[in-house]
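The values are calculated or read from the model by the stated rules, or taken from the named source; none is laboratory data. Quick caveat, the model's predicted, so the values are computed rather than measured. Every residue, glycine among them, receives a Cβ derived from its backbone with ideal geometry; neighbour counts consider all protein chains shown.
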Amino acid sequence: MSEMAYGARVAGPAEVEVVGQRVLATLVDSVVLFLVALGVFVAQWIVGAAVVIAGAPEGVQIAAGILGLLAILAIPALFVAYYVHFEGRKGQTIGKKMAGVRVIRQDTGGLPGTKAALARTLLRVVDGSFGYLVVLLFALSSDRRQRLGDMAARPLVVRA
């Protein structure tokens, strides 16, 4: 069965045999997201240290601490936004682009959209359980090499 993907024909099962590329994409995306989190931590630390070194009043120091805490708590939201934006609207995260794969809708071959990307992203928590053992078991037992998030949201990861 062939499907349309961004205006091009996508072959069937051979196109979804991308487990190695998906692992590479996950590693690259993990580095990208680590750098984002590191940037938030460093910025929070610099602001906090500057407020203390400047001898700001206690109320300003408390406010800076609260803002720093909110910035740290925003990191998971940034991670979700990264995947939803890049996979849902572009079909590829930075890691997927480097690995030569993309995410498509099973039914049309088009971009997955925000809802599907959000479902895939939220199920990463389950897929990543037990050191990614869950994702490995699902991907290797699925004829389309789909993880649980893919099965729920119905996209495919194919060669770019």
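So, in the stretch 131-149, exactly how many residues are not in a helix (DSSP H, G or I) and not basic (Lys, Arg)?
3
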Query raised in the report: Name the pairs: first residue in the stretch 20-49 and under 20 Å from Val125 (Cβ atoms) and touching a residue at least 60 places away in the same chain (Cβ under 8 Å), second residue of a type in the set (D, E, K, R) and part of a helix (DSSP H, G or I), Cβ to Cβ under 6 Å, at least 6 apart or on different chains?
Result: Ala25/Lys96
**Report entry** Some residue of the stretch 95-107 being at pLDDT below 90 and either in a loop (DSSP other than H, G, I, E, B) or surrounded by 16 or more Cβ atoms within 10 Å (Cβ to Cβ) (or both)
**Finding:** yes
Query raised in the report: Which residues, taken from the stretch 25-65, are under 17 Å from the mean Cα position of the chain (by Cα) and small (Gly, Ala, Ser)?
Result: Ala25, Ser30, Ala37
**Report entry** Residue list for the stretch 109-130, restricted to those being farther than 12 Å from Ala152 by Cα and not in a helix (DSSP H, G or I)
**Finding:** Gly109, Gly110, Leu111, Pro112, Gly113, Gly128
